[in-house]
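Please treat every number below as a calculation from the coordinates, not as lab data. All of these numbers come straight from a predicted model, not from anything done at the bench. Backbone-built Cβ (ideal geometry, glycine too); neighbour counts: all protein chains shown.
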Amino acid sequence: MTGQSLSLEELPVVWRSAILPRQYRPRGPLVEVHLVPAAPGTHHATPDLERTRGELAASSFVGEQPVHAGSSEDGVWAFSTAGESGLAVLSSGQRTCWFPLPEESFDREALALRVAARLTALLAIGLPLPDALAPAIGLDPVAATTTVATRSVRSPGRIRMGTVAAFPADELRRTAREIAEDLVARLAAPLS
């Protein structure tokens with residue numbers, strides 16, 4: 001994966017389970033995609049985040065299902081009431097989305113297409129972008145057995161692959177598919 005070099009420490013990611021209210025219960029495995037600001041200093045004020053909450057709730061990403069939109073001092077979110085998909089923006093500038101693992105299987109090509117579309121959607125949220133963003137990906141909860149290609153493998157309870165490279169927003173847009181393929185390959189590694 002190309003991209004700007006980061007320090008040896010990976011950037012902290014706030015995962016979906018730490019963003020949403022405790023009563024949020026997904027029906028099945030959810031893929032999480034995160035864009036974390038690569039430099040300190042990004043901060044969205046509460047009024048800006050509150051204005052964004054309506055944009056998140058109206059997003060076609062959340063789907064046709066009824067939507068719950070909420071906020072805290074740390075960010076705003078909107079998710080389908082069925083618990084299938086959602087979006088969040090944190091005051092730190094992190095942009096997050098989640099969606100169900102396609103058909104409870106791990107088809108790398110199909111998943112990479114969905115992740116690329118989500119990266120583009122996260123970049124389109126109407127708040128200023130930092131100079132560079134570092135993508136991260138996770139799968140939570142992971143079913144006791146997950147199908148990879150045509151075989152079943154035992155899997156951990158969740159998989160979280162933190163940041164390894166940062167990209168300017170324009171590069172992220174231009175190479176979303178390539179970046180998504182790399183993220184999916186990293187996500188698949190523990191299942192192999």
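Using R₀ = 45 Å, calculate the FRET efficiency as 1/(1 + (r/R₀)^6) where r is the Cβ-Cβ separation of ALA58 and ARG108; round to 0.05.
So the FRET efficiency works out to roughly 0.90.
Which of VAL115, GLY126, VAL89 sits farthest toward the positive end of the charge dipole of the stretch 29-140, with +1 on the Cβ of Lys and Arg and -1 on the Cβ of Asp and Glu?
Sorting the options by dipole projection puts first GLY126.
State, to one decimal in nm, how far the label point of THR120 lies from the label point of ALA169, with both points 7 Å from Cα in the Cβ direction.
About 1.7 nm separates the two model spin labels.
Spin-label point model (7 Å from Cα, Cβ direction): what's the GLU10 to SER192 distance in nm?
1.6
If you stretched the chain out fully between LEU127 and GLU73, how much longer would it get, using 0.36 nm times the residue separation minus the C-alpha to C-alpha distance? Don't skip to the answer; put the middle values down first.
Details: separation 54, 0.36 × 54 = 19.44 nm, distance 1.67 nm.
Full extension of this stretch gives 17.8 nm more.
In the stretch 71-124, what is the volume of the convex hull around the alpha carbon atoms, normalised per residue and reported in Å³? Before the final figure, lay out the partial values.
Numbers: hull volume 4.5 nm³, N = 54.
Given the Cα convex hull of the stretch 71-124, per-residue volume reads 83 Å³.
Averaged across orientations, what area in nm² does the convex hull of the alpha carbons in the stretch 10-77 project?
Here the figure is 5.7 nm², rounded to one decimal.
Taking 0.36 nm per intervening residue step and subtracting the Cα-Cα distance, what contour gain separates ALA82 from TYR24 on full extension? Walk me through the numbers on the way to the answer.
On the way: separation 58, 0.36 × 58 = 20.88 nm, distance 0.95 nm.
Answer, rounded to one decimal: 19.9 nm.
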